[in-house]
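S.K.: The structure follows.
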Amino acid sequence: MDDGDRVEITPEILLKAYAAGIFPMAEDADDPAIYWVEPRARGVLPLDAFHVARRLARTVRSDQFTVYADRDFDGVISGCAAPRRDAERTWINGRIRELYGALFDQGHAHTVEVYAEGQLVGGLYGVSLGAAFFGESMFHTARDASKVALIHLVGRLRAGGYRLADTQFVTDHLAQFGAEEVPRHVYKRRLAEAIAAQANWNVWPPGVPTRGADALAALAA
């Protein structure tokens, strides 16, 4: 469903779309148009059955990466929009950057950022609404950086009382953590329940690095 030139998409309309189970994409970075997507099968991460391999758990616990939330939205979305070896195009165009930047300013969009020696080497961003978190995109320029970001994200969601972690689709990358597809009608029921509830993104203090041990403890709780 293409928005064309009929309706100007605003951050408020975008939040209503998420609450209705749809999300926006663009064909590529140079295409100014945005279209709406509502998959028949929706990807979700089971918060109570998130799988972390032992090697990754050791990496997270070692704190070889420094992990923050909500410090550099522009850096994260730029990393997510950068060309990748496995994809010739990016779906993040200028309008999407503007919209999610506005949601970040309003406190609805969030990032998890992974640093090595002070440099941003991985991260992810998404949208928080009620007790639902909608993951949008992730990136890495250092081995395991995006995986560390995801583990920290899910730890934060569990600690903050979230009920739904939406991944839109299931990729091989997400499947190793337990991501699964659910039918649209099941997703919409779970979405409505999560939207009606409340969660706390800032369960861990903003502006302070998150310890890997805390993320892993939240997953084990």
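S.K.: Residues that are more than 17 Å from the chain's Cα centre (by Cα): list the strands (runs of 3 or more DSSP E) wholly contained in the range 12-131 that include at least 3 such residues. Spell out the reasoning first.
M.R.: Numbers: elements: 23-25, 35-37, 41-44, 66-69, 109-116, 119-129.
Correct list: empty, since no element meets the threshold.
S.K.: Examine the range 114-126 for a residue that is touching a residue at least 24 places away in the same chain (Cβ under 8 Å) and polar (S, T, N, Q), and state whether such a residue exists.
M.R.: no
S.K.: Out of 68, 125, I need the residue that is in contact with a Ser or Thr (Cβ under 8 Å, 6 or more places away or on another chain) and open to solvent by 20 Å² or more (accessible area, probe 1.4 Å). Which one?
M.R.: Working: 125 fails: open to solvent by 20 Å² or more (accessible area, probe 1.4 Å).
Answer to the check: 68.
S.K.: Just the residues that are of a type in the set (Val, Ile, Thr) and under 22 Å from residue 63 (Cα atoms), please, taken from the range 143-181.
M.R.: Going through the range 143-181, the residues of a type in the set (Val, Ile, Thr) turn out to be 148, 151, 154, 167, 170-171.
Once the filter is applied, which keeps residues that are of a type in the set (Val, Ile, Thr) and under 22 Å from residue 63 (Cα atoms), the range 143-181 yields 148, 151, 154.
Listed here are the residues, each with its yes/no results for (1) part of a helix (DSSP H, G or I); (2) open to solvent by less than 20 Å² (accessible area, probe 1.4 Å).
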site	(1), (2)
133	no, yes
146	yes, yes
153	yes, yes
170	no, no
186	yes, no
193	yes, no
202	yes, no
207	no, no
218	yes, yes
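The values are calculated or read from the model by the stated rules, or taken from the named source; none is laboratory data. Everything numeric here is computed off the predicted structure, so don't read it as measured data. So basically every Cβ, Gly included, is an ideal-geometry build from the backbone, and we count neighbours across all protein chains shown. For accessibility, only protein heavy atoms count, side chains too; no ligands or nucleic acids. Shrake-Rupley method; radii C 1.70, N 1.55, O 1.52, S 1.80 Å.
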